[in-house]
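Some notes on the structure that comes next.
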Amino acid sequence: MNHLRVVLFTHPHCGLCFPVKDMIKTLKVANPPISDPNTDVSQSSPSFYTNPFLYHEVNIWAPGNEKWNSRYGLKIPVLHFYRFAKDAAVNARSSETRKLEPLEKFFWNDDVWTDTWTRTDGRTQWTKEVFNAIDFDKKEMRFKHPGDMAKWIWGE
């Protein structure tokens, strides 16, 4: 079961999104066997081996995504981080935590996501953290390298 899921809100011409996509790719792809002498795991995270995450991108300009464009248009890249509720409390570094919205149910169509979307009491079993990858006050990326992102995802 993938207890961690990451969604990046972006659009095709988002130059600020490319470094975030590259970091996510590094964390997702930099997990070949440790025995491979050509593998640079210095930017990877040992947590990926035991607790990988699923990744999804949302093009806020695509038809049907007007709500996300309205919410995040000038703020992208924005990340949503979903953690299965039994895993841990919400990460204290999160900019905020929000209630899950019906549109989010369609980010993934696997049984784990859909079967655990709500409990019998109507509450969700997933927590969500919303994080803007750019610190607009300082005019800089919040993640300098994939290790920074790994700390956010896994709390290392």
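Worth pointing out:
- Point-to-point label distance, Phe136-Glu66, nm (Cα→Cβ direction, 7 Å offset): 2.2 nm
- FRET efficiency, Phe18 to Asp110 (Cβ-Cβ, R0 35 Å, nearest 0.05): 0.80
Values quoted throughout were computed directly from the atomic coordinates according to the rules given, and no laboratory measurement underlies them. Computed from a prediction, not measured in an experiment: that's the story for all the values here. Neighbour counts are summed over all protein chains in view; Cβ atoms, including those assigned to glycine, are modelled from backbone coordinates with ideal geometry.
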